[in-house]
Amino acid sequence: MTIPPLTAAPPAVPSGAGRRGAARRPSSLQRRRGRLGAVLVLPAVVLLGVFFVWPLIRTVVMSLQEYPLLGKPTFTGFSNYSDAFHDQDFLSAIKFTLIYTVVTTPVLLAVGLLLASLVRRNTRGARVFQTIFFLPVVIGLASASYLWLFLWQSDIGPVTDLLDKAGLLDSSNNLFAHPGPAFLIVLGTVTWKVAGLQMLLLLSGMQSIPVEVNEAAMVDGSSRRQLFRYITLPLLRPTLALVLVFSVAGSLLAFDQFYIMTGGGPGNSTVTGVYQIYRVSFVQFHLGYGAALSILLMIGLGIVSCVQMLLLRNVDNA
Amino acid sequence: MSAVAAPAPAPARPGAGRTPKSRLLPPIAWWVVCVCLAILFLYPLYVLVTQSIKSPAEAAQTPPTLFPHSFSLQNFKDLGTDQGGLSLVKSIWNSLYISVLATVLTVVVSTLAGYAFARLPFRGSRIIFFVTLITFMVPFQAIITPLFLTLKSLGLQNNLTGLALVIATFNLPFGIFVMRNSFSSVPATLEEAALIDGASTFMAFRRIMLPLALPGVVSTGLLTFFAAWNEFFASLILITDQTKYTLPVSLGILSAGQNNAVNWGLLEAGVLVTVLPCVVIYLVLQKYYVAGLLSGAVK
């Protein structure tokens with residue numbers, strides 16, 4: 001399960017053998033193989049072209065149009081974009097998405113790190129716990145949401161019932177009707193579902209730290225805490241960057257859990273960015289406007305991911 | 001980050017262990033913490049199973065019972081009956097259809113492309129590979145509207161095959177990446193030896209390369225299957241006809257309830273049907289699943 005330190009740029013991926021072959025003088029055999037290569041890549045190119053590149057281009061074009069579901073689209077320039085900056089529904093959805101991301105990310109990372117440092121030992125017990133903590137990861141987010149929706153129902157929900165018996169809350173109270181509790185339940189669901197993945201990634205990052213480094217530090221008399229602070233954490237930085245980028249992107253694109261558990265409520269208080277795009281495009285059928293919101297979301301996500309990568313990678317060099 | 005340093009109040013003496021086995025806690029405390037967390041992680045699954053196998057009457061009972069007093073498969077049988085025009089058994093087949101089709105497509109297409117990118121370089125192949133990787137960065141939620149329109153102009157709107165094509169496409173970058181790395185890690189001399197011995201490129205691929213890259217194939221297949229089986233957003237938007245709903249979307253109709261009453265036994269039985277294959281496959285093929293996840297993550 002050891003993985004090499006993070007290599008984000010595709011060219012950096014070691015592919016020694018293949019490159020060496022290409023560097024030789026092209027023979028007729030190699031040209032033939034090259035032609036075959038082009039043929040083999042073709043299906044992938046067609047699929048990605050039709051279902052990715054073309055829709056992507058179309059999103060850009062649509063975002064500049066008034067595009068009703070029926071009838072002809074009309075070109076409206078950047079008015080969709082300028083509308084977006086005055087659209088209270090969209091702005092509050094973005095605000096909520098950011099709050100959700102800022103709250104979720106550290107919680108997930110803390111739980112992931114806790115789990116990883118707990119099961120980071122080579123015993124049978126630790127491996128069993130690894131499997132258990134990872135189990136919810138393989139369950140779909142939608143399934144997890146239906147399950148947690150039931151757990152926290154008023155009256156019939158097993159968790160609400162337990163907490164009622166413990167005197168912590170009144171089980172007849174519908175928790176999903178209050179923004180705070182609804183938010184916390186979604187947070188719980190996502191933590192349960194995703195923490196195991198973070199654990200796994202962090203664990204494999206920890207295992208790629210050479211044993212000699214730890215041994216050297218211990219010989220020099222460093223304590224556990226020092227070891228973690230000065231050896232594990234810095235060497236784990238590439239993995240932490242990866243985990244953070246994943247988890248932030250996932251949170252910024254949150255949809256399933258809110259659609260299923262809160263329906264955006266109570267009172268639109270838990271509508272996320274993707275949820276708002278869904279509403280604009282597929283409930284109100286303003287397809288052009290929805291496309292403009294999508295572009296804005298894409299740009300925002302791209303900026304956040306790049307900033308994260310730059311920040312987390314460059315501290316090392318500084 | 002300090003959250004982890006916190007539960008380590010007793011730093012082990014350096015002499016306590018030569019290799020870092022992370023003795024953050026004394027053994028008994030470690031077991032207590034891990035068992036408590038395990039209970040926390042397994043409890044929702046325990047509720048899922050027990051709620052589904054309760055009799056419908058007990059499943060609808062308040063307050064809920066912690067241990068089922070009755071055992072019944074009625075909830076699973078009810079999956080087969082009509083739920084206000086919605087057949088969940090049909091939904092299960094729909095889910096299975098898109099998952100299998102998307103998985104086969106992704107595996108075949110990304111194996112071919114991955115092999116070409118690793119071993120059959122042609123002019124522009126590096127650029128195409130790079131463009132493929134960029135797809136990783138773009139969330140498909142952002143282009144779902146034009147996807148909807150593209151499917152419509154291809155005559156694939158509201159069509160499970162169309163949905164499978166879309167899901168396959170969005171798993172391709174990952175698959176191509178994993179397969180290219182799998183083929184790249186096979187020593188070039190192996191294939192060259194086969195070619196010198198007179199094997200055709202196809203034979204060398206079939207007999208030498210493919211068997212050695214098989215773990216990559218399995219990982220790609222597993223991850224695509226899981227993604228397709230659990231896909232919610234794309235299915236919700238691209239399929240508008242109830243008879244073609246996939247299971248995760250159909251369950252949404254159940255959870256919205258009929259006449260303001262949700263049949264929780266039935267709903268959780270449906271959730272169990274979506275969860276069980278994933279759990280079983282994961283437990284059996286854990287090695288490949290984890291390997292695939294990690295090799296895809298370290299992009």
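We did not get these values from a lab; they are worked out from the coordinates using the rules stated. This one's a predicted model, so the numbers in the text were calculated from it and none came from an experiment. Methodologically, a virtual Cβ is constructed for each residue, glycine included, from the backbone with ideal geometry; neighbour enumeration extends over all protein chains shown.
Hydrophobic, long helices, defined as DSSP H runs whose alpha-carbon span along the helix axis is 18 Å or greater and whose mean Kyte-Doolittle value is at least 0.0, occur in chain A at A:28-48, A:88-118, A:179-207, A:237-252, A:287-317.
Could you pull out which residues in the stretch A:116-158 have an amide N less than 20 Å from a spot 7 Å beyond the Cα of A:Lys165, following the Cα-Cβ vector? So the set is A:148-158. The calculated FRET efficiency for A:Val219 paired with A:Tyr81, based on their beta-carbon distance and R0 = 60 Å, is about 0.50. Placing a label point 7 Å from the Cα of B:Leu42 along the Cα-to-Cβ direction, the residues of the stretch A:127-148 whose backbone N falls under 16 Å of that point are A:127-137.
Sort B:Met179, A:Met298, A:Met218 so that the residue with the fewest other Cβ atoms within 10 Å of its own Cβ comes first and the one with the most comes last.
Least to most surrounded, the residues fall as A:Met298, A:Met218, B:Met179.
Within a straight-line Cα-Cα reach of under 19 Å, B:Lys77 can be paired with the following lysines, leaving aside sequence neighbours fewer than 8 residues apart in one chain: B:Lys54, B:Lys90. Counting every C-alpha pair in the stretch B:25-72, the share spaced more than 11 angstrom apart comes to 69%.
The mean count of C-beta atoms from other chains within 10 Å of the C-beta of residues in B:45-51, rounded to a whole number, is 4. Using a Gaussian network model of chain A in which every pair of alpha carbons under 10 angstrom is joined by a spring, one finds that among A:Leu252, A:Leu287, A:Leu118 the greatest mean-square fluctuation is at A:Leu118.
Put the Cα centre of the stretch A:249-318 next to the Cα centre of the stretch B:114-158 and the gap is 21 Å.
For chain A, the relative contact order comes to 28 percent (Cα pairs under 8 Å, sequence separation of at least 6).
Is any helix in chain B, taking whole DSSP H runs, at least 18 angstrom long along its axis by alpha carbon and on average at least -1.0 on the Kyte-Doolittle scale, and which ones? Once both thresholds are applied, what remains is B:27-53, B:88-119, B:160-184, B:214-230, B:264-284. Here, the stretch B:139-224 has an Rg and a Dmax of 18.1, 53 Å when only alpha carbons are counted. Peptides B:111-117, B:232-238 ranked from most to least packed give B:111-117, B:232-238, packing being the mean of other C-beta atoms within 10 angstrom over each peptide's residues. For the residues A:Gly140, A:Gly250, A:Gly205, a GNM of chain A with alpha-carbon springs under 10 Å puts the largest fluctuation on A:Gly140. Of all the options A:Gln226, A:Gln198, A:Gln284, the one that moves most in a Gaussian network model of chain A with Cα springs shorter than 10 angstrom is A:Gln226. Of the two radii for the stretch B:251-291, the radius of gyration is 1.25 times the Kirkwood radius, both from the alpha carbons; that is the Rg over Rh value. Working note: Cα gyration tensor of the stretch A:237-309, eigenvalues times five, square-rooted, sorted largest first, giving semi-axes of 26, 16, 7 Å. Computed extension length for A:Thr123-A:Val102: 4.0 nm, one decimal, from 0.36 nm per residue of separation with the Cα-Cα distance subtracted. Here is the size of the stretch A:177-318 from its Cα atoms: Rg then Dmax, 20.3, 67 Å.
Calculate the FRET efficiency for B:Glu192 and B:Val131 from the Cβ-Cβ distance with a Förster distance of 45 Å, rounded to the nearest 0.05. Present the calculation step by step, with values, prior to reporting the outcome.
Values: r = 29 Å, r/R0 = 0.65.
Step by step, r from the Cβ atoms, then E = 0.95.
Close amide H contacts of A:Gln65 (hydrogens built in the peptide plane, cut-off under 5 Å, sequence separation of 5 or more or a different chain): A:Thr76.
Label reach from A:Ser92 (point 7 Å along Cα→C-beta): in the stretch A:254-294, amide nitrogens under 16 Å belong to A:263-277, A:279-280. In terms of Cα atoms, the Rg and Dmax of the stretch B:88-297 work out to 19.8, 73 Å. For B:Cys278, B:Cys36, the sequence from fewest to most other C-beta atoms within 10 Å is B:Cys36, B:Cys278. Exposed loop sites were defined as chymotrypsin sites (Phe, Trp or Tyr not before Pro) in DSSP loop states (anything but H, G, I, E or B) carrying at most 12 other C-beta atoms within 10 Å; in chain A the longest segment without such a site runs A:86-318. Only alpha carbons enter this Debye calculation for chain A, each as an equal point scatterer, and the log10 of I(q)/I(0) it gives at q = 0.07, 0.08, 0.12 Å⁻¹ is -0.42, -0.55, -1.07.
When a footprinting reagent is the concern and you count Cβ atoms within 10 Å, what order do A:Val46, A:Val53, B:Val217 take, fewest first?
Working: A:Val46 12, A:Val53 16, B:Val217 22.
Result, fewest neighbours first: A:Val46, A:Val53, B:Val217.
Based on DSSP H segments of at least four residues, each scored -39500 (n - 2.57), the protein assembly as shown has a per-residue ellipticity at 222 nm of -21000 deg cm²/dmol. Each 10 Å bin, from zero up to the one with the longest distance, holds this percent of the alpha carbon pairs of the protein assembly as shown: 3, 15, 24, 26, 19, 10, 2, 0, 0.
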